[in-house]
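Since every read-out is calculated from the coordinates, none of them should be taken as a lab result. Just so it is clear, the structure is predicted and the values come from calculations on it, not from any experiment. Methodologically, a virtual Cβ is constructed for each residue, glycine included, from the backbone with ideal geometry; neighbour enumeration extends over all protein chains shown.
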Amino acid sequence: MRRTRKSGFITWLLKPLCIAIIPLGLFGIVWLRSSVTKASYAIHDLEEKRTSALKETKTLLAERSKLMAISNISLPSEGQGSQEKRLVSGGYVFPDRVKVVHMNRTKGPEAYKASYQKEKAD
Amino acid sequence: MKQGWLNQGRDESSRKRSIILNTIIIASFAIVFFRLADIMVLKNSFYSDKARMQQVKTEDIQARRGNIFDRRGRDIAINLETESLFCDPDEASSNPQQAMKQLSSTLNIEPGVIRAKMSQDRRFVWVDRKLPIETAEKIRDLKIKGFGLVPESKRFYPKGMLASHIVGAVGKENQPLEGIELKYDKYLKTSGGKVQVARDAGGRVLSTGMVMETKGNDIVLTIDEGLQYIVEKELDKAMLKWRAAAANAIMMDPYTGEILAMANRPAFDLNEITRANKHDVRNRAITDIYEPGSTFKIVVGTAALEEKLFPRTQTFDCSRGSIEVGGKNVKDSHKNGVLSFDEVIQKSSNVGSILIGMKLGKERIYEYSKRFGFGDRTDIDLPGEVSGWIRKPEKWSATSLGAIPIGQEVAVTPLQVLRAYSAIANGGHLVKPHLVSEIRTPEGQPVYSFRDDDKKRIISEKTAAAMRDILKKVVEEGGTATSAAMDGNQVAGKTGTAQLVDPRTKRYSKDRFIGSFVGFVPADKPKIAMIVVLYEPKGQSYGGVVAAPVFKAVAEQALSYMNVPRDQMPAKNLQLVSR
């Protein structure tokens with residue numbers, strides 16, 4: 001069996017590579033594990049931040065709820081004459097009932113809907 | 001030759017050194033190997049435990065109570081995140097004066113109080129509980145040795161006093177004390193548990209990916225914050241006007257039994273329940289019984305109509321203004337003359353009601369009282385409800401037939417009276433009053449929804465309609481509750497004025513009364529049924545004077561709030577509101 005110059009070169013290259021790959025692999029595993037651990041710490045830090053942000057959100061929402069309580073909203077128009085008496089609460093305005101007419105929802109197809117159906121039929 | 005001997009000697013010496021070196025190396029490796037074997041195999045559990053103690057920390061999974069909302073999803077009870085300060089007196093004893101000084105100024109606590117806590121012979125002492133986040137941050141920045149902070153949740157009621165008797169409250173340890181908080185505790189609370197987390201030498205914690213908080217189920221109430229506010233506001237005005245000892249009002253949907261509002265006075269701030277007077281915490285609407293007086297007259301009226309004892313045109317001679325039953329003389333508030341069946345109820349004649357009661361007899365009065373639910377709990381979902389009482393006919397005295405038809409010798413709760421009137425309002429069904437419409441998980445999945453499958457018919461639709469018609473007349477001219485009449489919607493209802501028993505004389509007092517009005521509106525298709533009860537009003541006692549105007553004031557605002565149309569539409573000045 002004859003050895004060529006080329007195969008000798010490959011053997012010469014592979015031997016140190018094989019020797020180097022073991023510590024490199026070990027180092028890689030260690031590095032990967034430490035990176036995962038580092039990421040876990042970072043995630044926990046973020047979780048802490050999220051928890052503290054959630055705490056603040058809860059406090060602010062509670063404050064908003066307190067401020068939005070109907071009992072806290074002033075009744076500016078109440079007592080300014082019975083005709084114009086209005087109860088303002090929760091962001092809603094209730095008009096004087098004497099002037100209110102309640103209308104039932106229109107029965108049957110609405111104008112736009114009817115024309116649309118007609119167009120489809122054509 | 002000489003050089004060869006020398007070389008031979010050197011080789012020998014080198015070999016010896018090599019053997020010694022190799023032996024040392026092998027021995028060293030052997031020592032390391034055996035030591036490692038000792039650590040890793042023989043003492044494995046000892047070192048594992050030690051490492052675990054240093055690297056693993058046990059943390060609590062925070063348990064939070066579920067929230068409580070009103071029917072429109074507004075917050076009624078929520079949780080606030082706070083922190084509680086504790087100290088380890090042993091560790092904190094290194095510089096106690098400085099610690100006391102710093103903490104007392106931050107917490108606004110007397111230094112003596114902190115000193116007392118620091119001098120306790122324990123390793124864990126609470127210094128102050130449930131501090132706001134800002135205060136906790138300030139304390140953390142002080143970095144005082146021997147003191148620490150732990151997260152805790154604090155129940156917060158953003159509406160303060162509103163619906164206090166319904167919601168109830170929790171104590172310092174989040175233990176339920178009253179109301180919905182107590183009744184539905186098993187749904188609201190949740191168990192936290194513990195989780196182990198890894199940490200490094202610097203105390204930094206590794207993420208576990210676990211959610212460190214669990215929450216109980218949320219509860220949706222049937223009450224409406226707007227309606228509750230209207231009721232409480234008007235009740236406060238009435239308390240002030242009549243200087244009453246107490247008052248309560250309940251608003252209910254007569255068809256479904258949903259409680260829309262329930263208020264008591266005096267009341268208390270839910271966030272300060274520890275400072276509340278125990279009498280103020282009582283939900284009188286379900287825990288206190290009283291003699292209903294004239295509001296009970298619907299029992300004999302309805303029974304007579306249902307049993308077809310009289311036509312509504314039947315007349316009763318009440319011209320004497322009094323009637324004697326079992327040796328006891330019962331009077332009308334004023335002489336009425338001859339009254340028709342309708343007028344007996346309209347004018348709230350005691351004589352007329354007793355005459356109807358006598359015709360009905362004990363058994364039927366008792367039977368109809370029970371049909372209306374008197375003497376039985378309504379089973380509303382609140383703790384502490386009482387059943388009231390009505391004696392069985394065999395235990396009635398000679399005077400009972402002159403007392404029970406006019407609402408004496410019976411004890412009821414305001415809620416029972418309201419439920420009875422709701423049966424007339426809805427066409428004859430006895431509904432189940434309730435406060436919780438839905439319970440759902442924090443993710444929104446329903447756990448429970450209220451369903452009333454066995455709605456019991458107690459009177460016919462025809463009788464209910466006739467009674468509605470009669471109760472409308474009570475509010476019209478000539479009735480006892482004209483002050484409850486509304487502009488735009490017809491009201492049906494009944495007044496009640498009951499005398500309280502004087503504890504000293506054991507007889508009915510002449511100056512202590514309970515005035516009430518119970519009714520529903522719009523009379524023909526009611527949206528709300530409501531009872532208003534004022535205990536011991538000063539100056540006036542009649543339900544038609546003290547309670548009926550409260551009903552009117554509340555109903556006017558409530559119908560506007562609920563967008564209920566007027567019975568008769570005005571022909572001009574129209575403002576269109578689509579629905």
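Here the simple spin-label model places points 7 Å from the Cα toward Cβ, and for B:Ile19 and B:Ala245 these points are separated by 11.4 nm.
Shown is the FRET efficiency for B:Glu307 and B:Asn277, computed with R0 = 56 Å from the Cβ-Cβ distance and rounded to the nearest 0.05: 0.75. Each of B:Glu363 and B:Tyr448 was given a label point 7 Å from its Cα along the Cα-to-Cβ line. The distance between the two points is 4.1 nm.
When the trypsin sites (Lys or Arg not before Pro) in segment B:235-269 are filtered for DSSP coil states and for at most 15 other beta-carbon atoms within 10 Å of their beta-carbon, the remaining sites are B:Arg243.
Toward the positive end of the charge dipole of the protein assembly as shown, with +1 on the Cβ of Lys and Arg and -1 on the Cβ of Asp and Glu, the farthest Cα among B:Ala163, B:Leu149, B:Gly9 is that of B:Gly9. A P(r) calculated from all alpha carbon pairs of segment B:325-402, with 10 Å bins opening at zero, reads 16, 38, 31, 14, 2 percent. Stokes-Einstein diffusion for segment B:7-144, with the hydrodynamic radius set to the Kirkwood value over Cα pairs and evaluated at 4 °C in a medium of 1.567 mPa s, equals 59 µm²/s. Here the peptides B:180-188, A:22-30 are ranked by packing, the mean other Cβ count within 10 Å, and the order with the highest first is B:180-188, A:22-30.
Sequentially through segment B:281-295, phi angles give Karplus couplings (6.51, -1.76, 1.60; θ = phi - 60°) of 7, 5, 8, 4, 4, 10, 9, 9, 9, 8, 7, x, x, 5, 5 Hz, Gly and Pro residues having no value and appearing as x. Assuming charge only on the beta carbon of Lys and Arg (+1) and of Asp and Glu (-1), the dipole of segment B:243-375 about its Cα centre is about 380 debye to the nearest 20. Segment B:Glu12..B:His334, full-extension length gain: 101.7 nm, with 0.36 nm per residue of separation and the alpha-carbon distance subtracted. For segment B:108-194, the normalised intensity computed at q = 0.17, 0.24 Å⁻¹ comes to -0.92, -1.21 (log10 of I(q)/I(0), Debye sum over alpha carbons, equal scatterers, no solvent).
A protection proxy built from the mean count of other Cβ atoms within 10 Å ranks the segments B:214-227, B:554-567, most packed first, as B:214-227, B:554-567. A straight line joining the Cα centroids of segment B:41-119 and segment B:429-482 runs 50 Å. Each residue of segment B:347-360 is assigned a 3J(HN,Hα), and the resulting list reads 9, 6, 7, 5, 4, x, 5, 5, 4, 5, x, 5, 5, 5 Hz, derived from the Karplus form 6.51 cos²θ - 1.76 cosθ + 1.60 (θ = phi - 60°), x at Gly and Pro.
In this structure, the residue pairs whose Cα-Cα separation is over 19 Å, taken from A:Lys55/B:Lys130; B:Lys370/B:Lys510; B:Lys183/B:Lys455; B:Lys370/B:Lys506; B:Lys328/B:Lys362, are B:Lys370/B:Lys510; B:Lys183/B:Lys455; B:Lys370/B:Lys506. The simple Förster model, with R0 at 41 Å and r as the Cβ-Cβ distance, assigns B:Glu59 and A:Asn72 a FRET efficiency of 0.60. Let me know the volume per residue of the alpha-carbon convex hull for the protein assembly as shown, in Å³. Cα convex hull per residue, to the nearest whole number: 366 Å³.
Among the listed pairs B:Lys233/B:Lys278; B:Lys159/B:Lys237; B:Lys172/B:Lys538; B:Lys395/B:Lys525, those with a Cα-Cα distance over 29 Å are B:Lys172/B:Lys538; B:Lys395/B:Lys525.
By the count of neighbouring beta-carbon atoms within 10 Å, fewest first, B:Ser460, B:Ser369, B:Ser84 end up ordered B:Ser460, B:Ser84, B:Ser369.
Selection among B:Ser541, B:Ala30, B:Val518 by position relative to the dipole of chain B gives B:Ala30 as farthest towards the positive end (Cβ unit charges, Cα centre).
Placing +1 on each Lys and Arg Cβ and -1 on each Asp and Glu Cβ, with no other charges, gives the protein assembly as shown a dipole about its Cα centre of roughly 2500 debye.
For an R0 of 56 angstrom, estimate the FRET efficiency from the Cβ-Cβ distance between B:Asp524 and A:Arg50 and round to the nearest 0.05. The computed FRET efficiency comes out at 0.50.
In loop segments of segment B:1-95 as defined by DSSP, the trypsin sites (Lys or Arg not before Pro) with at most 15 further C-beta atoms inside 10 Å of their C-beta are B:Lys43, B:Arg72. Sparsely packed loop sites in segment B:470-503 (the trypsin sites (Lys or Arg not before Pro) outside DSSP H, G, I, E and B with at most 13 other Cβ atoms within 10 Å) do not occur.
Projected label points at A:Asp96 and B:Val211, each 7 Å from Cα along the beta carbon direction, are separated by 5.3 nanometres.
Counting charges near A:Ser71 (Lys, Arg +1; Asp, Glu -1) among other residues having Cβ under 11 Å from its Cβ returns a value of 0. With the alpha-carbon atoms of chain B aligned to their principal axes, the span from lowest to highest coordinate is 163, 62, 51 Å, starting with the largest. Close amide H contacts of B:Cys318 (hydrogens built in the peptide plane, cut-off under 5 Å, sequence separation of 5 or more or a different chain): B:Gly337, B:Val338, B:Leu339.
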